[in-house]
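Here the structure is laid out as structure tokens; the discussion comes afterwards.
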Amino acid sequence: MSRFLSGRYNGMLPYTPGEQPQDKRYIKLNTNENPFPPSPRAVAAVSQEVLENLKLYSDPEATKCTLAVAEYYGVDPDCVLMTNGSDEALAFVYMAFCDKQREIIAPDISYGFYPVFCELLNLKYNFIPLKDDYKVDVDAFCGINKNIIIANPNAPTGLAITVDEVAKITASNPDNVVIIDEAYMDFGTQSAVPLLQKFDNLIIVSTFSKSRSLAGGRLGYILSSREVIDDIKKIKYSFNPYNVNRVTDLMGKYAMEDVEYFKECVGKVVANRAFLTEKLRSLGFTVLDSQANFIFAKREGISGEKLYFRLKEKAILVRHFNKERIADFVRISVGSREEIDMLLAAVGEILAEEGVL
Ligand SMILES: *Cc1c(COP(=O)(O)O)cnc(C)c1O
């Protein structure tokens, strides 16, 4: 630490991103990227001319993407705001609606970024524990009169709540915002977007990083009422008006419009998830019923940390969280069939070597 760092960051713990090794070749099953490339239409759109036009600023409204997202969900473009990854969307929403008085509540086991932003922005926050079966405790979120953020499906469990349950939470906290992070929604659950017509306090955040294979493009979005979006625009235009770059705005449009390719990739991931779940269960693992593009699994006889390190030795990266209640688990992204086969072979070897088969 230098002598110059502002005292307000004393003791702040930054988010720890999943490892992104740039040296050795790993099978990367640690950050829930899509194993398939972005839509070929999105890739083909990036011409020499598009790249040369990077000399110009991007469209502050990210109109191309905004229109494609609005069309896909059947909402008014004024109810959509594009962001630099959904992490930026979360930051904007927090900045707009939370402060020292307006506390925000999340499940205790969820996306690591939620409390990190609160620390950075000096907001008040608290947690509601997941139930014993690792599901979000819907009743405990009802009628609490607090801002709420829930990832649905949740990470790292992969477990989802229903649209009716989202409605119940939203209806019972009418004077606070309820933020639903749908980063993994496309892999098997129902979006809460239709509820936007009914509730002016609902905010939906989502991303192109997972189901649309554009993690490196950094593209996310917010869907809400026009009034809420206008409030968030004030934050955006005070922070980073050109937040979506030209190449990503263009690729995002095609990635959103190419519904056929999107469905094909999501379908493969869902099929691979079922295969991986079944195979791990037959190796004696407990695997939660994931609705996302990752699974959360543990095996009696080997700790989550040990399995993580042993897999890393074999050049396979998964994610381990050194956190109470989930330290036994590892989170494994659903890769391609070849990646899953290599993972399963490695897991079999490790269990044999550790004498736990
Ligand atoms: C991956 C992820 C995000 C955001 O990712 P971006 O790449 O910033 O769009 C948001 N929420 C959850 C729960 C995630 O897992």
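The values are calculated or read from the model by the stated rules, or taken from the named source; none is laboratory data. Keep in mind that this is a model prediction, so the values were computed, not measured. FYI the Cβ positions are ideal-geometry reconstructions off the backbone, even for glycines, and counts take in every protein chain you see.
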Scanning the range 129-178 residue by residue, those surrounded by fewer than 20 Cβ atoms within 10 Å (Cβ to Cβ) and outside any loop (DSSP other than H, G, I, E, B) turn out to be V138, D139, A140, V163, D164, E165, A167, K168, A171
Listed by first then second residue, the pairs whose first member lies in the range 277-302 and is under 22 Å from K210 (Cβ atoms) and free of Cβ contacts under 8 Å to residues at least 60 places away in the same chain, whose partner is part of a strand (DSSP E or B) and of a type in the set (S, T, Y), with beta carbons under 8 Å and at least 6 positions apart or on separate chains, are A297/T286
Under 6 Å by Cβ, and 6 or more places apart or on different chains, what pairs join a residue from the range 75-100 that is of a type in the set (D, E, K, R) with one that is away from the ligand (no atom under 11 Å from the Cβ) and part of a helix (DSSP H, G or I)?
-> D78/R226
Only residues that are touching a residue at least 60 places away in the same chain (Cβ under 8 Å) and among the charged types (D, E, K, R): list them for the range 205-229, please.
-> K210, R212, R218, R226
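Search the range 200-221 for residues being within 20 Å of F97 (Cβ to Cβ) and buried (at least 20 other Cβ atoms within 10 Å of the Cβ), and hand back the single one that is farthest from the ligand (Cβ to nearest atom).
Among those residues, the one meeting the criterion is L202.
Considering every residue within the range 222-238, establish whether at least one is within 16 Å of the ligand (Cβ to nearest atom), among the hydrophobic types (A, V, I, L, M, F, W, C), more than 30 Å from S172 (Cα to Cα) and modelled with pLDDT of 95 or more.
Residues of the range 222-238 that are within 16 Å of the ligand (Cβ to nearest atom), as a first pass: 222-223, 232, 236.
So of that shortlist, the ones also among the hydrophobic types (A, V, I, L, M, F, W, C) come out as 222-223, 232.
Among the residues that remain, those that are also more than 30 Å from S172 (Cα to Cα) are: none.
For the range 222-238, residues within 16 Å of the ligand (Cβ to nearest atom), among the hydrophobic types (A, V, I, L, M, F, W, C), more than 30 Å from S172 (Cα to Cα) and modelled with pLDDT of 95 or more: absent.
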Could you list, in sequence order, all residues of the range 9-49 that are surrounded by 10 or more Cβ atoms within 10 Å (Cβ to Cβ) and basic (K, R)?
-> K28, R41
Flagged in the range 101-128 as over 23 Å from R8 (Cα atoms) and in a loop (DSSP other than H, G, I, E, B), in numbering order, are D108, I109, S110, Y111
Residue list for the range 10-53, restricted to those being out of contact with any helix residue (DSSP H, G or I) (no Cβ under 7 Å at 6 or more places or on another chain), of a type in the set (G, A, S) and either in contact (Cβ under 8 Å) with a residue 12 or more places away in the chain or under 28 Å from R337 (Cβ atoms) (or both) | G18, A44
Which one of these is of a type in the set (D, E, K, R) and within 16 Å of the ligand (Cβ to nearest atom): D59, D78, D87?
-> D87
Test N122 against the stated conditions and say whether it is within 16 Å of the ligand (Cβ to nearest atom) and farther than 24 Å from F321 by Cα.
-> no
Quick check: anything in the range 321-334 in contact (Cβ under 8 Å) with a residue 40 or more places away in the chain and more than 27 Å from N152 (Cβ to Cβ)?
-> no
Lone unmet requirement of (1) closer than 27 Å to N240 by Cβ; (2) crowded, with 20+ Cβ neighbours inside 10 Å for K100 = (2)
Among residues of the range 247-300, those that are of a type in the set (D, E), within 20 Å of the chain's Cα centre (by Cα) and farther than 26 Å from Y73 by Cβ, counted = 1
Considering every residue within the range 143-158, establish whether at least one is closer than 30 Å to A297 by Cβ, away from the ligand (no atom under 16 Å from the Cβ) and basic (K, R).
-> no
Given (1) more than 12 Å from the ligand (Cβ to nearest atom); (2) of a type outside the set (A, V, I, L, M); (3) touching a residue at least 12 places away in the same chain (Cβ under 8 Å); (4) closer than 30 Å to S238 by Cα, F117 misses just (1)
Of everything in the range 1-31 that's hydrophobic (A, V, I, L, M, F, W, C), modelled with pLDDT of 90 or more and assigned to a loop (DSSP other than H, G, I, E, B), which residue is nearest to K312 (Cα to Cα)?
-> L29
Name the pairs: first residue in the range 237-249 and on the phi < 0 side of the Ramachandran plot, second residue hydroxyl-bearing (S, T, Y), Cβ to Cβ under 7 Å, at least 6 apart or on different chains?
-> Y242/Y57; Y242/S58; N243/T83; V244/S58; N245/S58; R246/S58; D249/S58
